[in-house]
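What follows is one structure encoded as structure tokens, with my remarks underneath.
The values are calculated or read from the model by the stated rules, or taken from the named source; none is laboratory data. None of these values were measured; they are calculated from a predicted model. Here the Cβ positions follow ideal geometry from the backbone for every residue, glycine too, while neighbour counts run over all protein chains shown.
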Amino acid sequence: MKDTEQLTEVVSGSDVGMVIVMDGAAGPDELGRVRERLAAMGFDVHESAGAERTVLGAVGGNGGPVDPRELQVLPGVKEVLNLSKPYKLVSRSFRAEPTVIELDDVRIGGSEVVLMAGPCGVESEEQIHIVAEHVAKAGAKILRGGAFKPRSSPYSFQGLGGDGLRYLRAAAEANGLKTISEVMDPSQLELMSEYVDIFQVGARNMQNFALLKALGRQRRPVLLKRGLSATIEEWLMSAEYIMAGGNHAVILCERGIRTFERHSRNTFDISAFPIVKKLSHLPVIGDPSHAIGIRDKVAPLSRAAVAAGADGLIVEVHNTPEQALSDGPQSLFPEQFVTLVEQLRQIAPAIGRTVA
């Protein structure tokens, strides 16, 4: 946050962003007056209510000069801050406390490292039920599985579509799991909403702004993977698109970036975890499977991610990976996933975390 001397600075332009920190004793009437004033100034207002204070994030404006003192004098206002970062709502300035996303008894971003596991793609009803049973027994809370698959080749397996979603949901419910699956286009949202608890945005769609805007209008969590060559700021700006639309339940996912290294599928950016934790309040998880692309290297990267502060992992597990229709070489056997979870249970307590 900026020094108090900077609070009187007049800023202009359509990218204006401000944070209004309300006094702990401010009531609904005072909060309402501040919101009305911000709306009159042309701002989109987003509220973050903490245990001790309420914070309003104001983004946009009418394009004219804005003097923060106009808001500072309103009853109930404790402090007004101008934001220089291009991402406003994603920033720690908007919300100091970490965001915890709750799905019934699953809490992503809390003290527990949440495990998401399953095959790259749902290939059959029998396959997804077998994998779901294995990962649930090992400690996973969320079943992953693609029904719509973005593939580099148009001749590769593209997913089972609606049938895949139905199989995924049935397998999850039979084993007490939540579901996550990738959405590729806004037109898929209505169908997927019937079966999916978390929408996943793949690396290739990180800057699909039409999709991000559509997800901003949804009221269920979105897992946003980092793009193949995206900087951390570009990644956070994509999250801003979703939050600016009104959906604040965003989970970031580091899945490896493309570098000059050829010994792995991608380069897993371990430094992203502490950096993002410093810049943003959003939970961030790791995808070691897509990062390395090699089965026997998935466990070491998973251990490293948890040690670096990841709030969870999304890992590919297949009952017969040698026969998988997609990403078999990077998918763990069920028994390997069991061993990995046991290792993570030993690592997590060292940094004040737990694994189910």
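One table, with the values for the structure above:
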quantity: From Pro321, Pro283, residue being surrounded by fewer than 24 Cβ atoms within 10 Å (Cβ to Cβ) and in contact with a Gly (Cβ under 8 Å, 6 or more places away or on another chain); calculated: Pro321
quantity: Strands (runs of 3 or more DSSP E) contained entirely in region 35-126, each with at least 1 residues that are modelled with pLDDT under 95 and more than 18 Å from the chain's Cα centre (by Cα); calculated: 43-49, 54-60, 77-82
quantity: Subset of region 101-136 that is of a type in the set (D, E, K, R) and touching a residue at least 60 places away in the same chain (Cβ under 8 Å) - its residue that is nearest to Gly293 (Cα to Cα); calculated: Glu123
quantity: Matching residues in region 72-131 - criterion: being over 22 Å from Phe148 (Cβ atoms) and in contact with a Phe, Trp or Tyr (Cβ under 7 Å, 6 or more places away or on another chain); calculated: Lys88
quantity: Val338 being surrounded by 18 or more Cβ atoms within 10 Å (Cβ to Cβ), among the aliphatic types (A, V, I, L, M) and assigned by TED's automatic domain parsing to the domain that holds Ser181; calculated: no
quantity: Tally, over region 15-34, of residues that are part of a helix (DSSP H, G or I), surrounded by 12 or more Cβ atoms within 10 Å (Cβ to Cβ) and not acidic (Asp, Glu); calculated: 3
quantity: Criterion: of a type in the set (A, V, I, L, M), crowded, with 22+ Cβ neighbours inside 10 Å, touching a helix residue (DSSP H, G or I) at 6+ places or on another chain (Cβ under 9 Å) and over 30 Å from Ser331 (Cβ atoms) - qualifying residue of Leu115, Leu89, Leu81; calculated: Leu89
quantity: Test result for Ser280, among the hydroxyl-bearing types (Ser, Thr, Tyr) and either closer than 30 Å to Gly57 by Cα or without any contact (Cβ under 8 Å) to a residue 24 or more places away in the chain (or both); calculated: yes
